[in-house]
Amino acid sequence: MQTMKYWMLSLLALGTLTIHAEEKLLSSPDQQTTVIVNDKEGRPTYSIIYNGETVIEAAPLGLVTNMDDLTEGLSLKSVETDKTTNIYELRTIKQSQTLFMATTAVCHFEKRGHEVLDIEFAITNRDVAFRYRILPRRGTLSCVVKGEASGFRFPQNTLTFLCPQSGPMGGFARTSPSYETSYSYDEPVGKNGWGEGYTFPCLFKVPSALQPTKTGKQKGNKQADPAIWVLISETGTDGGYVGCRLLNESGGNYRIGFPQEGEMNGFGSTTASVALPATTPWRTITMGQTLAHIVETTIAWDLVQPKYEASREYTYGKGTWSWIIGMDQSCNFDEQKRYIDFAAAMGYRSVLVDALWDVQIGYDRMAELAKYGRSKGVGLFLWYNSNGSWNDAPQSPKHKMDRSGARRREMKWMHDNGILGIKVDFFGGDKQPMMQLYEDILTDANDFGLQVIFHGCTLPRGWERMYPNYVASEAVLASENLHFGQGACDGEARAAATHTFVRNTVGSMDFGGSALNKRYNADNKSGTTRRTSDVYALATAVLFQSSVQHFALAPNNLTDAPAWAIYFMKQVPTTWDEVRFIDGYPGRYAIMARRCGQKWYIAGINAQDEPVKARLWLPMFAPGTQVAVYADDAQLNGSRQDVKLKKAQLDITIPKNGGLVIVGE
Ligand code: CA
């Protein structure tokens, strides 16, 4: 009713020349979320009220171009609202069939009597998204976007879970930023990372007065500190814009930041060049009283469209990967042949051959290896350096992916030799030419029927839907760090209990994990020591989402790992029909459920010293259902048991660094 009243007031105001600020209320289909758009003092702002509580306080909107400053002197002239319902299917994300239902609105802004800017909103029952449409002027059909004011202003006492953006041209072979830093936890708002803001997605916890409503998690447990969880990200970025980050320059207000000057070896502008009319990528805000909406949101894909048709029917599945255990020296013919045999024994579809294969195996023998793989039903993914000239990463093959001519010749050779796909590494940041390179690699690869994995790279932003041959990106401190340092092994569970609620919720994550070796070395006797249990390895195969998974398993695991673990790793799917949050807290523990066909996989891990003890409410199972339970004892010795559920619930314990998996239908 209140909404109606506001609309009527707004309608009355229309048609009269008014100096009063316009205020428009836009509501989600379930009326639980309200977005208020305002043009007070000529500066457009928006705020968000969720379930009666303010989640985003009046925060700036608008952008600055080389034509005009579109953050001030603006007046909101009219708003068109509509309802959008759309069902789409996508095998490669968290949910295979998605119902997108939203209130959509276009807010028309004028400056000095000219229509200059539209701000489009899409409001679902769990997300608010907005983007800009910059309108052409007479004779001006292109412009440069110098920056955005787009802000996210949080209430007092909001806590943050954020991943700092690293400075440009730092780290290994001057390859940063590549979204490979550690998260901070439960920190107050107001910091700016290491001075360069934060990489998307960014998680916030806004204090709330309301207890969460039941969402399928344990019944009866009251949350000690009721909150509204808020995830900020962006989607729809392609070669037409820059990849953005989140900056904090003043207290509670975070704003969209453009790339850093030094990225790409200092080459290329930090601004975006666009043809008019131009639409920007979407800024997305996902909210919920538990982490369920964050885990289950599909907003990254709801708002984008495929940019081309798939050139063939792409398939997905599991693979092995020698490099994570054996490093560079393992990229030789005999060892790759051994991994092909291992993949065949596991029933896997692929082997990923990592860096230096061009030197250590060569093109002719690679063709031979690919032929051998085909005879075993195993395809190959080949590693490439994206360079180029944007950093010092020395690994070859180089200069094969940065320009169209060499790239297409290489891809033709791959196509002729039945290669499945590529893993391209060591990109140079988020400037527009680099975003164009991602798009060009994907587009060319599709012409040759190749799937694409990115490493040392930016976050994908809706790419599973935009590019049908896109598989996943690293954009995380991935499994390589478990090999490189004991510290990463010691903190493995903490990081995994974070990615589940942050990084992996907006895009497929190529982590390369699920090791069953005790040590990260081919002899399984030296190197860093895995602290996590075998059941943990199984659980992360479910928790981490990517339609193609190259696990860190090794051929020796066929004989030295528990038979139940190998059996599970042979069976576990890599594409899912549904995901449900069950319980957890970023950096502490994570329990969620994924469905493939009729079968549910409930997976949990724990990073805390105290074991997680809980009565899991499992409404997906009818009473009397027999489920397989993989669980750890206090010493992290795993086992598999068949359990008949009397009710749709189960008492579970997950020790520190341990795991849990329940499988049933
Ligand atoms: Ca990396």
Averaged over every viewing direction, what's the projected area of the C-alpha convex hull for region 562-628? Give it in nm², one decimal, please. 5.9
What angle, in degrees between 0 and 90 and rounded to the nearest 10, separates the Cα long axis of helix 432-447 from the longest principal axis of the Cα atoms of the chain? 50
Sequence-distant aspartates and glutamates (8 or more away, or on other chains) whose Cα lies within less than 17 Å of K337: D328, D354, D358, D364, E368
Estimated inter-spin distance, A209 and A622, nm [label 7 Å along Cα→Cβ]: 4.5
Can you give me the angle between helix 404-416 and the longest principal axis of the chain, using Cα atoms only, in degrees from 0 to 90, rounded to the nearest 10? 40
Once the Cβ-Cβ distance between A634 and K146 is put in as r, and R0 is 51 Å, what FRET efficiency do you end up with, to the nearest 0.05? 0.30
The set of residues whose placed amide H lies less than 5 Å from the amide H of N517, leaving out same-chain residues fewer than 5 positions away, is A554
Angle, helix 363-375 long axis vs. longest principal axis of the chain, Cα atoms, 0 to 90°, nearest 10? 80
Rounded, prolate or oblate: which fits the chain when a ≥ b ≥ c are the square roots of the eigenvalues of the alpha-carbon gyration tensor, with rounded for a/c under 1.5 and prolate only if a/b beats b/c? oblate
Determine the shape class of region 9-302: with a ≥ b ≥ c the square roots of the Cα gyration tensor eigenvalues, call it rounded for a/c under 1.5, and otherwise prolate if a/b is greater than b/c, oblate otherwise. oblate
Taking just the alpha carbons, could you work out the radius of gyration and Dmax for region 317-577, both in angstroms? 17.2, 49
How much length is gained if the chain between K371 and H114 is pulled fully straight, taking 0.36 nm per residue apart and subtracting their Cα-Cα distance, in nm to one decimal? 86.2 nm
Can you work out ³J(HN,Hα) from phi for every residue in region 422-428, in order, using Karplus 6.51 cos²θ - 1.76 cosθ + 1.60 and θ = phi - 60°, giving whole Hz and x for Gly and Pro? 10, 10, 10, 10, 6, 6, x
Once the Cβ-Cβ distance between K307 and Q31 is put in as r, and R0 is 35 Å, what FRET efficiency do you end up with, to the nearest 0.05? 0.50
The chain, relative contact order in percent, only Cα pairs under 8 angstrom and at least six apart counted: 12
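Considering only Cα-Cα distances, which of the following residue pairs are longer than 20 Å: K40/K111; K570/K599; K94/K599; K423/K570; K24/K83; K24/K146?
Violating the 20 Å limit, Cα to Cα: K423/K570; K24/K146.
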If you average the C-alpha positions of region 477-549 and of region 115-186 separately, how far apart do those two centres end up, in angstrom? 29
Hey, what do the phi angles of region 643-654 turn into as Karplus ³J(HN,Hα) couplings, whole Hz, using 6.51/-1.76/1.60 and θ = phi - 60°, x for Gly and Pro? 10, 8, 7, 6, 10, 7, 7, 8, 7, 10, 9, 10
Return the distance in nm (one decimal) between the two label points of a simple spin-label model at D186 and D225, each offset 7 Å from Cα along Cα→Cβ. 0.6
What FRET efficiency would be calculated for the residue pair D334, Q436, taking the C-beta separation as r and a Förster radius of 51 Å, to the nearest 0.05? 0.80
For D523 and S389, compute 0.36 nm times the residue count separating them, minus their Cα-Cα distance, and round to one decimal in nm. 44.6 nm
Tell me, Kirkwood radius of region 519-636 from alpha-carbon pair distances, in Å? 15.9
What distance in nm separates the two pseudo spin-label positions at E72 and L558, each 7 Å out from Cα along the beta-carbon direction? 7.0
DSSP loop trypsin sites (Lys or Arg not before Pro) with at most 13 other Cβ within 10 Å: longest gap in the chain: 404-524
Quick one: compute the contact order of region 320-382, relative version, from alpha carbon pairs under 8 angstrom and 6+ residues apart, as a percent. 39
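Any read-out appearing in this document is the output of simple, stated calculations on the displayed coordinates, not a laboratory observation. Everything numeric here is computed off the predicted structure, so don't read it as measured data. Reconstructed Cβ throughout: ideal geometry from the backbone, glycine too, with neighbour counts over all protein chains shown.
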